[in-house]
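Here is the structure we will look at.
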Amino acid sequence: MTCVNCARIIEVSLKKTKGVKKVNVSFELGEVEVEWNPSEISEEEIIRKIEELGYFVERRKDNYEKVFLVLSGISSLLVLATMFLKIPYHLEIQLFLSTLVQFTAGLKFYKGAYSSLKEGIGNMDTLVALGTTGAYLYSILAYLNFINTYPFFETNVFLITFVRLGKFIEEKAREKATEGLQNLFSISFKTVKVVKGDKEIEKNVREVFKGEKIACRGGDQILLDGKVVQGEALVNESVITGESLPILKRKGDTVYSGSIVEKGYIVVEVEKTFESSFINKIKNLVESTLREKPRIQQVSDKISQYFVGFVVIFSILTFLFWIVKVGDIQKAVQFSLAVLVVSCPCAFGIAVPLAVSVGIFKALKKGVLVKKSSIFEVFPKINTVIFDKTGTLTEGKFIVEKVEVKDENILGIVYSMEKFSNHPVAKALRNFLKDKVKGEVELSGCREILGVGVECGDYVVGKGEIWGIKSDNGYQIVGFGTKEKLLALFYLRDKIREEAREVIENLKRKGIEVILLTGDRKENAKELARMLGIDKVFAEVKPEEKLRIVEDLQKRGRKVCMVGDGVNDAPSLAKADIGVAILEGTDLAKISGDVIIHKLFSLVEIMEFSERVYRKIKENLFWAFVYNTLFIPVAAGVFHSYGLYLKPEFAGLLMALSSVSVVLNTLRILKS
């Protein structure tokens, strides 16, 4: 596909096909995802439908593209030779080469133009087909003396060669830019070595079952989650943590799919099938992210969609102007053709999606999972960051330091009740009590009350405030009993994340307002805010109050980023302009967030990286706009009297190079 309009043509055409339920076309990755009813249409028919539009499925296009590029290149050199050397029948040779190139290497532009016009959409192929055909027909008429002028057979030959060469360079650069994503999406086709006794059998990763063992050596990517049962190795988990330093994995350690074995040999017992694996979940999330278009891309796609029509009309007006006002048919044809081929809808079309694709993969390498591509557009506008306290600014790994209990037999009830909550405090109590109780107690009617605790019939385990006991000396105090009678108290302490102060100082230096929003007691919240340098605190707030605070800030024109990890943060994470969830947090928080980070400092990194991506997007769009603004008037002959004009073939070269420049500019994101 040469531009986003090609993707749109395929999508529109397949959606009209009987039996096709759902279509998603990714121009960035050169992929088409189709959901269809097998009783109404087959996979072969879908492929044939795509190929009828002028595109090739799988990798068959590579050989054809290279053959036609070489053919048009050699023909261009031969035409050039006939122009400067005294060769007999030079015009006839040029006519033959011009015809050969037009209907072999140029055939793809006809197919693309036909497909696009059939769907009512113009694309780059439309402009090139019109330009080359016009030049070819004009030269034929001149050669046959139907018009009194000299033919320029070199124009369509050079034009097709230059456009093909430019697109070839662009494609290679784009492959380089999206190489990481392509590798991620091809992961389901990879194989692993399954250990069977003394032998290793190669299997597709999808065919491996839970309980089977796979061998991983230095340089291998671990493709399935599991536990090491033999050997040891240095494993790079940057896809999960963003940290490039490898971790030594030994027997009993957990390894995650997507990690790379840098050195050593391990045998891993598979604990999850590929469908449930960490890397497959990331793959699915990234695919989903690429389907969503940021607002700026929707605008550029709209420009690209109508741009071709504008260019064709302007080309006709250019022709009429030079015929009516000047009466020079050669100039009229030359300038109108130059207008057709110098214009570049591709530059507009690829400016945003390519930068977003590269940005998503680069963020993933930094340990940040982007769930919405619009974050690159929104993050640079964020002026308020709201932090949850427990599990966000603090590690959320509470330690029980002291217990006051009247009867130790009730500890089993507390342990059983806390199994109904995933809150960090509940997890800490479970870990503390698991070796102190004989077993679980059967309970009924249990429910978690967000921001309070767990209730089972008459029993309640939750904040000490329920019984009028306030947190003190930095302790998180949890009580257990009935609403009328307190039976036990647990004193827990949470540790502040090491990078929390640095993150907040960094945000404040950028002029961003930082707010602490927590359900914890005011005393604890204010103490933490004092230690971290946070000026604004909302404490003792319920989930619905958190949501209302976010909404109030947005009504005042603030662009809000919410950072949290718990169930009670989910509504405000979903409502904020950008929701950032902590990887160790609850599944609901991760579902509600737009971005998932492993470490708190990744917030600063993704904000700064988003600014770079957004800057590249604006640079790409600016170049596309300036390019067309500058070169369309030059191509139309506006500055002809000053000796400044473009031949159609060189206009084609400039058109090809404009989209190449956008790709090369985008590639610079990979170096950041």
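The values are calculated or read from the model by the stated rules, or taken from the named source; none is laboratory data. Predicted model only: the values in this text are computed from it and were never measured. We place every Cβ from the backbone using ideal geometry, glycine too, and count neighbours over all the protein chains shown.
Could you run through the range 347-374 and say how many residues are of a type outside the set (Ser, Thr, Tyr) and under 18 Å from Leu621 (Cα atoms)? So that I can check it myself, show each step before the final result.
Taking the range 347-374 first, the residues of a type outside the set (Ser, Thr, Tyr) are 347-356, 358-372.
Narrowing the set further to residues that are under 18 Å from Leu621 (Cα atoms) leaves 347-356, 358-359.
So the answer is 12.
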Exercise for the section: Considering every residue within the range 127-138, establish whether at least one is at pLDDT below 85, under 32 Å from the mean Cα position of the chain (by Cα) and closer than 26 Å to Ile323 by Cα. Expected result: yes
Exercise for the section: Please indicate, with yes or no, whether at least one residue in the range 373-382 is surrounded by fewer than 22 Cβ atoms within 10 Å (Cβ to Cβ), under 14 Å from the mean Cα position of the chain (by Cα) and part of a helix (DSSP H, G or I). Expected result: yes
Fill in the blank from the handout: A careful count of residues in the range 34-56 that are touching a residue at least 24 places away in the same chain (Cβ under 8 Å) and either in contact with an Asp or Glu (Cβ under 8 Å, 6 or more places away or on another chain) or polar (S, T, N, Q) (or both) gives 1
Completion exercise
Listed by range, strands (runs of 3 or more DSSP E) wholly within the range 471-575 having at least 1 residues that are without any contact (Cβ under 8 Å) to a residue 24 or more places away in the chain are 476-482, 486-493, 536-538
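Please find, among Val368, Val341, the residue that is modelled with pLDDT under 80 and out of contact with any Asp or Glu (no Cβ under 6 Å at 6 or more places or on another chain). Step through it out loud before you land on a result.
On the way: Val368 fails: modelled with pLDDT under 80.
Checking each option against the conditions leaves just Val341.
Residue check: is Ile350 in contact with a Cys (Cβ under 9 Å, 6 or more places away or on another chain), at pLDDT 85 or above and either more than 17 Å from Arg295 (Cβ to Cβ) or surrounded by fewer than 24 Cβ atoms within 10 Å (Cβ to Cβ) (or both)? Break it down into steps so the answer makes sense when it comes.
Details: in contact with a Cys (Cβ under 9 Å, 6 or more places away or on another chain): yes; at pLDDT 85 or above: no; either more than 17 Å from Arg295 (Cβ to Cβ) or surrounded by fewer than 24 Cβ atoms within 10 Å (Cβ to Cβ) (or both): yes.
Taking the combined requirement at face value, the residue does not satisfy it.
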Problem - The listed residue being without any contact (Cβ under 8 Å) to a residue 60 or more places away in the chain, more than 36 Å from the chain's Cα centre (by Cα) and outside any helix (DSSP H, G or I), out of Ile87, Ile74 - result: Ile87
Practice task
Could you please let me know if Thr149 is touching a helix residue (DSSP H, G or I) at 6+ places or on another chain (Cβ under 8 Å), at pLDDT below 85, part of a loop (DSSP other than H, G, I, E, B) and not aliphatic (A, V, I, L, M)?
Solution key: yes
Exercise for the section: Within the range 603-614, count every residue that is in contact with a Gly (Cβ under 9 Å, 6 or more places away or on another chain) and without any contact (Cβ under 8 Å) to a residue 60 or more places away in the chain. Expected result: 0
Problem - Verdict on Ile617 being in contact (Cβ under 8 Å) with a residue 60 or more places away in the chain and of a type in the set (A, V, I, L, M, F, W, C) - result: yes
Practice task
Report yes if some residue within the range 100-113 is within 17 Å of Val12 (Cα to Cα) and either without any contact (Cβ under 8 Å) to a residue 24 or more places away in the chain or charged (D, E, K, R) (or both); otherwise report no.
Solution key: yes
Problem - Subset of the range 206-222 (residues that are within 15 Å of Thr254 (Cβ to Cβ) and not in a strand (DSSP E or B)) - result: Lys210, Ile222
Practice task
Could you check, for the range 386-397, whether at least one of its residues is free of Cβ contacts under 8 Å to residues at least 40 places away in the same chain and part of a helix (DSSP H, G or I)?
Solution key: no
